[in-house]
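**Q** One structure, pasted below without further comment.
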Amino acid sequence: MLRLATVRKVAPKLQLANAKPAPDLGTLHAVITHRYEVATSYGHELKALLGAELAKLRERSQRGEIKPLEIPSVSRLRRWLATEPTALPAPERARLSAMLAASSPLAKVYAMREELSGLWSRSTESSEQLLVRLQDWCRRAEGSGIEALARFSFQLKRYA
């Protein structure tokens, strides 16, 4: 109103294109640029899967198939999965590793999240190497048998 400040730079807006058969360099740059949006979207897409897996773990623990686990809420599990393992307190880290050992879908989702976040932290690799990693990640996500990962991979390939 008073024209005392001027906008010099505006954050880029995420653009979605039609689905592509495989990610390209534009997709890679969009994923790196919008990495926080990608991480948030990953968490939202997998929320239902996390709830279902926690329910299964509770059932298995009550039936005695696995040793009793203290099962957290979905929001706490999402927070654990989004946090670097070294930043978690030791008791929470132990609970998370016990849950990952008891549930292969949770372990797969956790490992895939770590690999995806590794894409934008690898500054020493060339764009071509990162693109190969992204294409491989999408291919493995679609072939994992976890529907939420396949949906997220499809959504990721739309980034432009």
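Every number in this text was worked out from the coordinates using simple rules, so none of it is lab data. Model, not experiment: these values are computed from the prediction. Virtual Cβ from ideal backbone geometry, glycine too; neighbours counted across all protein chains shown.
**Q** Roughly what would the spin-label model give for Arg158 and Arg140, points 7 Å off Cα along C-beta, in nm?
**A** It works out to 2.5 nm between the two label points.
**Q** Now, a different point. Taking percent of Cα pairs over 28 Å apart as the quantity of interest, determine which of [x] 31; [y] 47; [z] 12 was computed from the displayed structure.
**A** From the options [x] 31; [y] 47; [z] 12, the structure gives [x].
**Q** Per-residue ellipticity at 222 nm for the chain, helices alone: DSSP H runs ≥ 4 residues times -39500 (n - 2.57), over residue total, nearest 500 deg cm²/dmol?
**A** When only DSSP H runs of four or more count, the value is -20000 deg cm²/dmol.
**Q** Straight-line reach from Lys13: which aspartates and glutamates fall under 13 Å, measuring Cα to Cα and dropping same-chain residues less than 8 apart?
**A** Cross-link targets: Glu37.
**Q** Still on this structure, please answer the following. Return the sequence-ordered ³J(HN,Hα) values of region 34-43 in whole Hz as given by the Karplus equation 6.51 cos²θ - 1.76 cosθ + 1.60 applied to θ = phi - 60°, using x for Gly and Pro.
**A** Per-residue couplings from phi come out as 9, 4, 6, 5, 4, 5, 5, 5, 4, x Hz.
**Q** Can you list the HN-Hα couplings for region 105-116, worked out from phi with the Karplus curve (6.51, -1.76, 1.60; θ = phi - 60°), rounded to whole Hz and with x for Gly and Pro?
**A** x, 5, 5, 5, 4, 5, 5, 5, 5, 4, 5, 5
**Q** Give the long-range amide H neighbours of Tyr159: residues separated by 5 or more places, or on another chain, with amide H under 5 Å away, using H modelled in the peptide plane at 1.01 Å from N.
**A** Ala17
**Q** Which lysines, if any, have their Cα less than 21 Å from the Cα of Lys47, not counting same-chain residues under 8 positions apart?
**A** Within the straight-line limit of under 21 Å, Lys47 reaches these lysines: Lys56, Lys108, Lys157.
**Q** While we're here: Once the Cβ-Cβ distance between Ala94 and Thr124 is put in as r, and R0 is 35 Å, what FRET efficiency do you end up with, to the nearest 0.05?
**A** Efficiency, rounded to the nearest 0.05: 0.60.
**Q** Same structure again: Could you list Asp136, Asp24 so that the one with the fewest beta carbons within 10 Å of its beta carbon is first and the one with the most is last? Let's see the in-between values first.
**A** Values: Asp136 12, Asp24 17.
Lowest count first: Asp136, Asp24.
**Q** Rounded to whole Hz and in sequence order, give me ³J(HN,Hα) for region 154-160 from the Karplus expression 6.51 cos²θ - 1.76 cosθ + 1.60, θ = phi - 60°, writing x for Gly and Pro.
**A** Going residue by residue, I get 4, 5, 5, 6, 7, 5, 9 Hz, with x marking Gly and Pro.
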